[in-house]
């Protein structure tokens, strides 16, 4: 730990912990940020960075630990109090009202303070000029590019006379030129004595302008050091490195010939995506959140419209216009958002399990209850879903058991190609392992799985093959069994030179 | 373990009370009336009650499916207006059986048109459906006015055979009215449809979560067509039962049916959020509303205050429904 | 198909501002008709007869901009109209009017409680509230028109001021007042923020519940004000005017370009939307279109407008 005295620190985080149902998101995290420095925080998805930031801003409340900001201990704060105190956050999902003008967004809720519309726009102009941003303050935010929106957010942060600005992955959708612009502004802010916490995946940026770096992993702050003391490989190893041998079953052994081929999916977010899937294989998609992983599978499954995409199964072109076609062609999907896209929470476990296989237990449009009753019981037993009965609402079950219901729903019609989007999100460790075993069994029974997960170890340990996806295109293909993790990581981060 | 079980029972009692609070309240009203007003249990009154069951229950049964599918239909009033005036005039022109069939077909066609309007616009919310079907209701009512030139048509103007409609309106088999038998038959059919067919299941799933239903391959667009067509058809049945009973058809005959039907469905316990519900619950809802107005009539409460009571119950029922989620 | 529609600028204008082209078509069309449409008398009459709907729309716009809607205004309109006459013998004219307006504010408060505080869907619950109030109106009048006994009462709406009908002047004043409220006050801007993005508004320290709640209260108050003006205009209070008013006004607001999605639109837009409806009435009368066809056309227009509003959202949602 750094030996600087407390008066030099803008923020001091001590032993902060936070637990969500089933997940320990932060475990005694301690980080100090010096005044006037740019402090980088790196870590995989799910390392706890965003949770930490949300605690700092007051969106979440911490379970334990202390936070001292600018010499003042913070307890039970709200986002708005943090702002007033001088701690501003620029979120990944930008916090602007898209139907309002730039000037009004900067002074949202402070119309009176600013003496009306004219005052807001004049002051906004001043703030934007101070960071060399030329955008018209009367323009609607919905008409701005992502980078301009970020400038507006920065101006908003400055309007509160912020002493600390936290940027949560600001670069995830910026072009190189826009990034250069942001870099300039960050340096400029530092010169004005404003401290910055910069959260990112992209190591280039971290090395370019961060003074100090903290690496986070699994809810722990693993290491904090001046940037110069880190090497690139060092940092990647710390981000991903851990012994994880026993958390995963061995990969499926028998991989056969090509089962499915996808040719050139193009949508607003995807650029000419093509790939193949083999029999008995688990194919992992690695990429940042928002890189386009979910968009690819949704397009394949017919849930989103796409231009000029074609799916070939067993060499034959299969038209897929909607999820129904996909189901007929032998696909199954575990959607990304269990509650919004997967389950009907007030409905019974049985109904939720049987909803994909209605054709199996109906004849001439009539449901045969005797056959349906078996389905719920069978899958609940086969997947050992913990539920008092198949009649209870699925919303009463724990996350892992809910997920098993979705898996069971598809097992009932035995899809050849199983798409699993974040299958273990929000599930505790024991249930995770059961899901892994299920995946292995599906693959070994001749099916194939496309696995999307934000947990890198999970994808790497489960998959026979991984594709890296960055900014809507496939950037690499690797065999995780023989490839160094940092090479895959580098490819998923869109780095041109892959470290040796 | 027994502690958990006990807590479970307590909770299910609380759940029951919450789900059926309205039922309990109205039941209390009915029992109170029966005690203080002996006329309530008289034979005449009960027969009168059974007669009131007719048109509203038909409309409410159709509405149940629309609400269960996660939508709403304000156009039933317009459909009733249109079907009533067209059917009664057709008896004179094409004879009674074709008139009956054509009348029902018009109801179903209006419903199908509603779904076409909604689907083509890509509307997914109840609010959008509410406004669109309101506009459609106005259109259907205007067509009814145009067709009838705004005048009321009477049975006695028809000089062809109208025995079928007279039977629907006033006929009896033993002590039971024919319209009540029609209701029982339709209820049985719709209950089978709701619980035993894949389409009935698809409607429930669509109402429960459109996105999840579509992602498992349910044809949600087809379900939307089915619920509106069915609702239109049942509004047509309601129209025919209604004008057969009162032996006249005015082009404004259906006014207020949309709110009463929604009220019946919601009071019965079908959630406005879509998914859970049942035609049996709606029967209970209609029964409760009829009993309530019957009680209020016997107690001498003005019909206007009864509208107030219905409005208040609708607001209260929606609020309760919202609290449950 | 989607692409060609998107590139068509006409569709773009139609989906954003549906009232203006609608008005223009009518204005141009009437140039070729041999009617008295283009006479100052008729144009003023058109404004005068649209005024009640316009005033209602000003209040409703607040709730729709904030992401809600108010279908109880029809009920408030008739009940407060009746109250402003019925209470006259008891307490005199002005106190009666005041009571009527307070009544509207109270109903608005209850609506706000249900919709904003309890987070129920605004559409059906305010519809139910409207039904309830219609019953109240019928009870108060025994479903008969209730004439006012004070002759001054009628003059409030029917008098003129330097040749301009009072009603037009009142509407104009309310228009300016509400436009100012929405455009130049913290309250108005906060409503836009809430409708645009509820969570962002909340995080920005806006008291979202209180602000949105107040919108419903004001909507109730405006509806009550319109109700007393309507009673004064007709010199009677009656329960029958509430039937379709609420839905027509809410549609009119959407025609103007204020979307149920919230956050966009405003008072001038709503005024245009309701004027379009008022003009449609006027034009149809001028052209001697029978009343049944008028009803038909109005229904069709409402469907078309909401259809366009939904379709615009669909295009946005499904853009590739």
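Couple of notes before you dig in:
- Cα-only Debye scattering, the stretch A:99-162: base-10 log of I(q)/I(0) at q = 0.23 Å⁻¹: -0.88
- Antiparallel %, DSSP beta bridges [both residues in the stretch A:245-492], to 5: 55 percent
- Once you divide the Cα radius of gyration of chain B by 2.2 N^0.38 Å, the number left is 1.03.
- Percent of Cα pairs exceeding the 23 Å cut-off, where the set is the stretch A:245-492: 49 percent
- With both residues required to sit in the protein assembly as shown, DSSP beta bridges show an antiparallel share near 60%.
- Peptide-level mean, for C:135-141, of C-beta atoms on other protein chains within 10 Å: 5
- Over chain B: helical MRE at 222 nm, DSSP H runs n ≥ 4 each giving -39500 (n - 2.57), nearest 500: -26500 deg cm²/dmol
- Förster radius 30 Å - calculated FRET efficiency between residue B:302 and residue C:169, Cβ distance, rounded to 0.05: 0.15
- Cα long-axis angle, helix A:116-130 against chain A (0 to 90 degrees, to the nearest 10): 90 degrees
- Cβ-derived FRET efficiency at R0 56 Å, residue B:324 paired with residue A:266, nearest 0.05: 0.80
- Prolate is the label for the stretch A:56-137, because the ratio a/c of its alpha-carbon gyration tensor axes (a ≥ b ≥ c) is 1.5 or higher and a/b is greater than b/c.
- Max mean-square fluctuation residue, GNM over chain C, Cα-Cα springs under 10 Å, options C:128, C:29, C:75: C:29
- Kirkwood-type radius of the stretch A:6-240, with distances r between different C-alpha atoms, in Å: 18.2 Å
- For peptides B:157-164, A:106-113, sequence by mean Cβ density within 10 Å, most packed first: A:106-113, B:157-164
- For a modelled paramagnetic label at residue C:210, 7 Å from Cα along Cα-to-Cβ, the residues of the stretch A:80-111 in reach, with backbone nitrogen under 16 Å, are A:80-81, A:109-111.
- Debye-sum result for chain A in log10 I(q)/I(0), which assumes one identical scatterer on each alpha carbon, at q = 0.10, 0.12 Å⁻¹: -0.87, -1.16
- Most to least packed among A:77-89, B:74-86, A:378-390 [average Cβ atoms within 10 Å]: B:74-86, A:77-89, A:378-390
- Helical runs assigned H by DSSP (4 residues or longer) give chain A a calculated mean residue ellipticity at 222 nm of -9500 deg cm²/dmol, each run adding -39500 (n - 2.57) before division by the residue total.
- Note on A:352-361: average number of Cβ atoms from other chains within 10 Å of each residue's Cβ is 4.
- Cβ-Cβ distance of residue C:317 and residue B:170, R₀ of 60 Å, FRET efficiency by 1/(1 + (r/R0)^6): the value works out to about 0.70.
- Sorted by Cβ neighbour density within 10 Å, fewest at the top, the residues C:52, A:185, C:101, A:353: A:185, C:101, C:52, A:353
- Sequence ranges A:201-212, B:205-216, ranked by mean other-Cβ count within 10 angstrom, highest first: B:205-216, A:201-212
- In this rough spin-label picture, where each label sits 7 Å from Cα along the Cβ direction, the residue C:26-residue C:161 distance is 2.6 nm.
- When both the stretch A:398-437 and the stretch A:438-482 are represented by their alpha-carbon centers, they are found 15 Å apart.
- Shielding by partners - mean other protein chain Cβ count within 10 Å, residues of A:95-108: 5
- Gyration tensor (alpha-carbon) shape descriptor, the stretch C:40-194, a/c threshold 1.5: oblate
- The DSSP beta bridges internal to the stretch A:6-240 are antiparallel in roughly 55% of cases.
- Fluctuation leader among C:228, C:32, C:175 - chain C, Gaussian network, Cα springs under 10 angstrom: C:32
- Tail fraction, Cα-Cα pairs, chain C, threshold 27 Å, whole percent: 45 percent
- Quarter of Cα convex hull surface for the stretch A:118-213, i.e. mean projection, nm²: 6.2 nm²
- Taking every Cα-Cα distance in the stretch A:287-382 and sorting them into 10 Å bins starting at zero, the pair-distance distribution P(r) comes out as 13, 35, 33, 17, 2 percent.
- Equivalent ellipsoid dimensions for the protein assembly as shown as semi-axes, Å, which come from the Cα gyration tensor, largest first: 55, 40, 28
Laboratory data are not the source of any read-out in this text; all were calculated from the coordinates shown. Computed from a prediction, not measured in an experiment: that's the story for all the values here. Positions of Cβ are backbone-derived with ideal geometry, glycine not excepted, and every protein chain shown enters the neighbour counts.
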